[in-house]
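Comments concern the structure below.
The values are calculated or read from the model by the stated rules, or taken from the named source; none is laboratory data. Quick caveat: nothing in here was measured; it's all calculated off a predicted structure. Quick reminder, even Gly has a Cβ in these numbers, built from the backbone with ideal geometry, and neighbours come from all protein chains shown. Accessible surface is based on the protein model in full, side chains and every heavy atom, while ligands, DNA and RNA are left aside. Shrake-Rupley method; radii C 1.70, N 1.55, O 1.52, S 1.80 Å.
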Amino acid sequence: QVQLVESGGGLVQAGGSLRLSCVASGRTFSSYSMGWFRQAPGKEREFAAAISWSGARTYYADSVKGRFTISRDNAKNTVYLQMNSLKAEDTAVYYCAADRNQIPTSRMNLDYWGQGTQVTVSS
């Protein structure tokens, strides 16, 4: 069993930056690929970024490419999402997810989810 706890959300002005963190419980964090997803009000949850278990491969949605950076520290059981040049359309609840068998670029059938952290970007 893996528990994921996100933090780092908040209110920021357009053009600003935030760094989200997701801490995982358990001793098998390095066995999981990790992803960040987001869900805006009235919309489906969508993929934002993902990283392989080793950190060697990263993937981004077109909407965040060049502005967001995903990274991980396996010694700290933590995955990060650095968000720069934030836009109003980035406003959403951000969730991290973990999966042992796939790199989570789709929200379907992932092993574990966190509870989410709210990011609000004012224009």
Once the in-chain neighbours fewer than 8 apart are removed, the lysines whose Cα is under 25 Å from Lys87 read Lys43, Lys65
Provide the gained length on full extension for the span Leu11 to Ser71, in nm with one decimal, where the gain is 0.36 nm per separating residue minus the Cα-Cα distance.
-> 19.4 nm
Could you please put Arg38, Arg45 in sequence from largest to smallest accessible area, using a 1.4 Å probe?
-> Arg45, Arg38
Backbone HN-Hα couplings from phi across segment 107-117 [Karplus 6.51/-1.76/1.60, Hz, Gly and Pro as x] | 7, 7, 6, 7, 5, 9, 10, x, 8, x, 9
Out of Asn74, Phe47, Ser85 - ranked by how far each Cα lies towards the positive end of the dipole of segment 32-95, with unit charges on the beta-carbon of charged residues - the top one is Asn74
Considering the options Leu110, Ser33, Leu4, tell which one lies farthest towards the positive end of the dipole of segment 1-119, charges being +1 on Lys and Arg and -1 on Asp and Glu at the Cβ, about the Cα centre.
-> Ser33
Given the peptides 96-104, 73-81, arrange them by the average over their residues of other C-beta atoms within 10 Å, most packed first.
-> 96-104, 73-81
Simple Cβ-charge dipole of segment 51-99, Lys/Arg +1 and Asp/Glu -1, about Cα centre, in debye nearest 20 = 160
On full extension of the chain, what length is gained from Val23 through Ala40, given 0.36 nm per residue of separation minus the C-alpha to C-alpha distance?
-> 3.9 nm
Extension length gain for Glu89 and Gln1 (0.36 nm per residue less Cα distance), in nm, is 28.3 nm
